[in-house]
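Working notes for the structure below.
The values are calculated or read from the model by the stated rules, or taken from the named source; none is laboratory data. Every value quoted in this text rests on a predicted model; they were computed, and no experiment measured them. Here the Cβ positions follow ideal geometry from the backbone for every residue, glycine too, while neighbour counts run over all protein chains shown. Just so you know, the surface numbers come from the protein's heavy atoms only, side chains and all, with ligands and any DNA or RNA stripped out. Shrake-Rupley method; radii C 1.70, N 1.55, O 1.52, S 1.80 Å.
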Amino acid sequence: MKKHVWLIAIAALFLSIVANAQNEFGTGKPSVQVLSIDSAPLQRGKAATVTLNFRVAPGFHINSNHPNSELLIPTVLKLDPPTDLSLGNMTYPAGQDLSFAFAPDEKLSVYTGDFTVQATTRTIGSVHAGTYRIHGELKFQACDNSACYPPKSVPVAFDVKVVNPPSTRVYHNPAQSPDVH
């Protein structure tokens, strides 16, 4: 009889944990969402900055890109550019040092609310003018004040417009005198 009570108690606890996780993450409210992505036109041979804006849902935090412990999962943006473009120089914001009820004596480097990641994009070789699609994902581990949840990722996709550099030709009209204004 005691065995059955323990099994029921364990099953109820497990179902409570699963239901809580589904309520937090399964209601269509992701813990992190992409707000906007700003990409300036890219000229061949030049660099441009792409700014990716994210929001951590209220009540949650995620580890920064450089958490205070190597045991914590960092937030990382992985981008997969087409072969005609390269991406580099990822710039993450500094994390905010906060302590939580589950570790009150330890400060964790986290992101809360809105945060921005920037990347530098460049053309490779003699890329043609046009629009190029970049896909990727933001990988993170979300936590609330009492628990951390399994790592997740949010898909990211945006376009980079490559434009031809301005012409450097100087046109002369031989029929016009250089003294005429």
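Here is how the numbers come out for the structure above:
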{"item": "Cα centroid separation - the stretch 52-109 against the stretch 134-156, whole Å", "result": "9"}
{"item": "Carbon plus sulfur fraction of accessible area for the stretch 67-162, probe 1.4 Å, in percent", "result": "50"}
{"item": "Listed peptides 67-79, 50-62 by packing density, highest first (mean Cβ within 10 Å)", "result": "50-62, 67-79"}
{"item": "Heavy-atom surface of the stretch 59-174, accessible at 1.4 Å and reported per residue (Å²)", "result": "59"}
